[in-house]
Amino acid sequence: MSEFSGLLAIWYREFKVFTREKARVISSVMNPLLFLVIFGAGLGSSVKVQDVTYQTFIYPGIISMAMLFTSIFYGVYIVWDKMIDFLKEVLVAPLSRTTIFLGKVLGGVTEAMIQGSILLIIGLLIGVKINPWGLPATLLTMFITAVGLVGIGLLLGSLMERPEGFQLISSFIVFPLFLLSGALFPIENLPAWLAPFTYADPLTYCVDALRSILLGTSRFPVLFDLAILVLFALGTTVLGNLSFKRMKL
């Protein structure tokens, strides 16, 4: 088995597991959708931001939210694979750990991309006004972000021994990343104490890039956002791979 065919085999296994869990697919789309429809429409009835409705304003943030939750919580499957000894069977295959790790990264990114794409379609169907010509750039931004976030999830998964520990630690990471990202509020004119935390959050640059591409409004140039996201993705992939290589079963 070549390294490339082994990578595809790992990816295909992760994809099959995902498609067989219908409830997982539905719930991962429903939660962001509830935010968009109920929170966006409810608060949007009395709030308008940057000349667009509040629902439209938070739409890029809700897509980012779906990418964040799906990508990081994907890491718990490494913990489960360790517990049921499936990972031991994979690791005896004539493949490097880097190939196995990258196969899992591709599996997690595929899940996140599917769920993000479903939200894109639903947004168009419910009348969120976005730039349809920006969809290729939107998918590229989502892909880069998903690689970075999946890297965090797999890094945590390779360090944890129990799912409960993974859930606890990941919750401490996921919610600050989401709340500080500007998904639900504009990041211009932030209080001085809050701005550094927001600018240190990599999800901020995903939200800002999507807002620029889909709505034509942003805090930073989109190329700057993408550069930050690429560095973030490279960093978490390298760290996640190192952690995966040192993982003990």
Worksheet item: Among the residues of the range 196-214, is any of a type outside the set (D, E), exposed (fewer than 15 other Cβ atoms within 10 Å of the Cβ) and outside any loop (DSSP other than H, G, I, E, B)?
Response: yes
Item to complete: Working only within the range 18-61, note down all residues that are closer than 20 Å to L124 by Cβ and of a type in the set (G, A, S).
Response: S28, G40, A41, G44, G61
Item to complete: Could you grab me the full set of residues in the range 94-114 that are over 15 Å from Y77 (Cβ atoms) and either part of a helix (DSSP H, G or I) or touching a helix residue (DSSP H, G or I) at 6+ places or on another chain (Cβ under 7 Å) (or both)?
Response: L95, S96, R97, T98, T99, L102, M113, I114
Worksheet entry | Test: residue in the range 239-246 that is farther than 28 Å from L87 by Cβ and surrounded by 17 or more Cβ atoms within 10 Å (Cβ to Cβ) | no
Discussion item. Take the conditions open to solvent by less than 10 Å² (accessible area, probe 1.4 Å) and polar (S, T, N, Q) and apply them to T138. Does it pass?
Written reply: yes
Discussion item. For the range 141-159: of the residues being modelled with pLDDT under 95 and either among the polar types (S, T, N, Q) or open to solvent by 40 Å² or more (accessible area, probe 1.4 Å) (or both), which is nearest to G116 (Cα to Cα)?
Written reply: L155
Worksheet, complete the sentence: Per the list (1) among the polar types (S, T, N, Q); (2) without any contact (Cβ under 8 Å) to a residue 24 or more places away in the chain; (3) buried (at least 18 other Cβ atoms within 10 Å of the Cβ), residue check on S45 breaks on (3)
Item to complete: Output the residues belonging to the range 10-28 that are buried (at least 17 other Cβ atoms within 10 Å of the Cβ) and either touching a Leu at 6+ places or on another chain (Cβ under 9 Å) or basic (K, R) (or both).
Response: I10, W11, E14
Practice prompt. Evaluate the following for F143: is it closer than 18 Å to A66 by Cα, aromatic (F, W, Y) and either part of a helix (DSSP H, G or I) or touching a Cys at 6+ places or on another chain (Cβ under 7 Å) (or both)?
Written response: yes
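The values are calculated or read from the model by the stated rules, or taken from the named source; none is laboratory data. Source: prediction; values computed, not measured. As a convention, Cβ positions derive from the backbone with ideal geometry for all residues, glycine included, and neighbour counts pool all protein chains shown. Heavy atoms of the whole protein, side chains included, go into the accessibility calculation; ligands, DNA and RNA do not. Shrake-Rupley method; radii C 1.70, N 1.55, O 1.52, S 1.80 Å.
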